[in-house]
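The values are calculated or read from the model by the stated rules, or taken from the named source; none is laboratory data. The model shown is predicted, which means the values in this text are computed figures rather than measured ones. Cβ atoms come from the backbone with ideal geometry, glycine included; neighbour counts cover every protein chain shown.
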Amino acid sequence: MSIGGTGGTSSAAALLAGVLRFIGTPPIGTPSVATPSPGPTVVALLIAAGASAGAAGIVCLGAPAPARAQEASAVRPQQRGTAGGDRGVRGRVPDPAAVELEALELAPGEEPAVTGQELDDLTARVAARLRCPVCRNQSVLESSASLAQEMQQVIRARLRAGESPAEVEAYFIDRYGEWILLKPKAEGVNLLVYLLPALLLLGGLVGVALLLRRWAAAPEESGAGDAGRRGGADPGRAEADGGLDPEEERRLAEVLGERG
Amino acid sequence: MKARFWLPLALAVGFLGLLGFGLTRDARTLPSALIGDPAPSFRLATLEGGSLALEELAGKVVVLNFWASWCIPCRQEHPVLRRAERDYPDSDVRVVGVVYQDAPRSARRFMERLGGDWTSVLDPGSRTAIDYGVYGVPETFFLARDGTVAKKHIGPIDWEIVSTTVDSLLGEGARTGSFPADRAGARSAGGG
């Protein structure tokens, strides 16, 4: 029996052990249950897959903690990106021309909607939800690519001019497409991404429960089943299995009689 | 017994088929969200020191090429852009470059060395690049006469793409009989 050795998550193994104890099946590894069905291994793998998919879904799709992301961008100096964009002249500090453009977003005499620390926080929050188009497994906040830095400037300028975070996100979605969001919108086909891991896990658990119920019935059958199978294959040996042939019967009776 | 054998097999084959289909898709080239929308306007300084606004090119087919001097594929596609500039009259088709994350001096040197008479504009802060949903170079946008984005090509372009796209875009606005209708692919390439 190979369930213990499939490398499933420890939680799945513990779950299995608990259920087995509960229904009173013999411990795994007992040679009496000789049914070579591949089912249990497959189901265990399914549980492991569902559990790890669920765990992965939670980890990858969960909102990246702004604190962690900010720490990353504060500590890491602006590196040369592989996209080649960092080989341009500007790269270390925000381009002065860009800062000028930022001021141009507002109409003359108009007050910025958000300023100071609040603006920084809001910019970081929006940037953490957008995907860097160059380093696509990083958020715009985390990425050190030039384009990400410039996108942050754009976010900042638009927030300052009074746009809401949703409007800023909509601006990027209009231009880059929905993949610019790190977390896909939970609608339509995207719902599969959110629901499938949980459904797989549930399906695996249900499958295991059904199979275990079948195993619980198996031990009573297996003895008779083995005998029946072997009996069916060779009628002549039926006696030899359930009983002994006459010669051995006599010897057994002698031995028992001697022992008293 | 039969279902137990065929069902997992069918599921496995189905799943493998899905994975195989995934292998045929190129994750690096993402579809543009701008197709069919009006092209974002801009007014930017040119390499020569003047300025260019997109509105000045209204009514013309525009080949908008985002490039940089440090970009090797941009060098590879440069002859194609030169041919586009040469083969189509300026009154109908204009090639416009947008310099992406580059120093003006390097960009000017690139154009001097490789030739070409079309205007390239500088894009400080990549505001225009972001406006167009650009994430790398080279990327080329084909704008129809009415100013909408007809096609976006990611990576170096070749003459086949340029000629079929521009021909079909010219054909859309042209008066009847001006352009040959039987040029291969002319009808189908419009809109990407």
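Is it the case that segment B:59-69 has a residue that's assigned to a helix (DSSP H, G or I) and either aliphatic (A, V, I, L, M) or within 14 Å of chain A (Cβ to nearest Cβ) (or both)? No. Selection within segment B:103-142: residues that are among the charged types (D, E, K, R) and crowded, with 18+ Cβ neighbours inside 10 Å. The member of this set that is nearest to A:GLN149 (Cα to Cα) is B:ARG127. Of the residues making up segment B:80-99, those that are over 13 Å from the mean Cα position of the chain (by Cα), closer than 13 Å to B:LYS60 by Cα and of a type outside the set (D, E, K, R) are B:TYR88, B:PRO89, B:SER91, B:VAL93. Of all positions in segment A:111-120, none carries a residue that is within 14 Å of chain B (Cβ to nearest Cβ) and more than 19 Å from B:THR128 (Cβ to Cβ).
For segment B:97-122, the set of residues classified as touching a strand residue (DSSP E or B) at 6+ places or on another chain (Cβ under 9 Å) and on the phi > 0 side of the Ramachandran plot consists of B:GLY116 only.
All conditions in (1) part of a helix (DSSP H, G or I); (2) out of contact with any strand residue (DSSP E or B) (no Cβ under 7 Å at 6 or more places or on another chain); (3) modelled with pLDDT of 85 or more; (4) surrounded by fewer than 18 Cβ atoms within 10 Å (Cβ to Cβ) hold for A:TRP179, with the sole exception of (2).
A:PRO184 falls short on exactly one of the conditions (1) at pLDDT 90 or above; (2) crowded, with 16+ Cβ neighbours inside 10 Å; (3) not hydroxyl-bearing (Ser, Thr, Tyr), and that condition is (1).
Here's the yes/no breakdown for (1) surrounded by 11 or more Cβ atoms within 10 Å (Cβ to Cβ); (2) farther than 17 Å from B:VAL134 by Cα; (3) touching a residue at least 40 places away in the same chain (Cβ under 8 Å):
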site	(1), (2), (3)
B:PRO8	yes, yes, no
B:ALA33	yes, no, yes
B:TRP70	yes, no, no
B:GLU85	yes, yes, no
B:VAL96	yes, no, yes
B:GLN101	yes, no, no
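If you go through segment B:63-73 and pick out every residue that is touching a helix residue (DSSP H, G or I) at 6+ places or on another chain (Cβ under 8 Å) and of a type outside the set (S, T, N, Q), you end up with 5.
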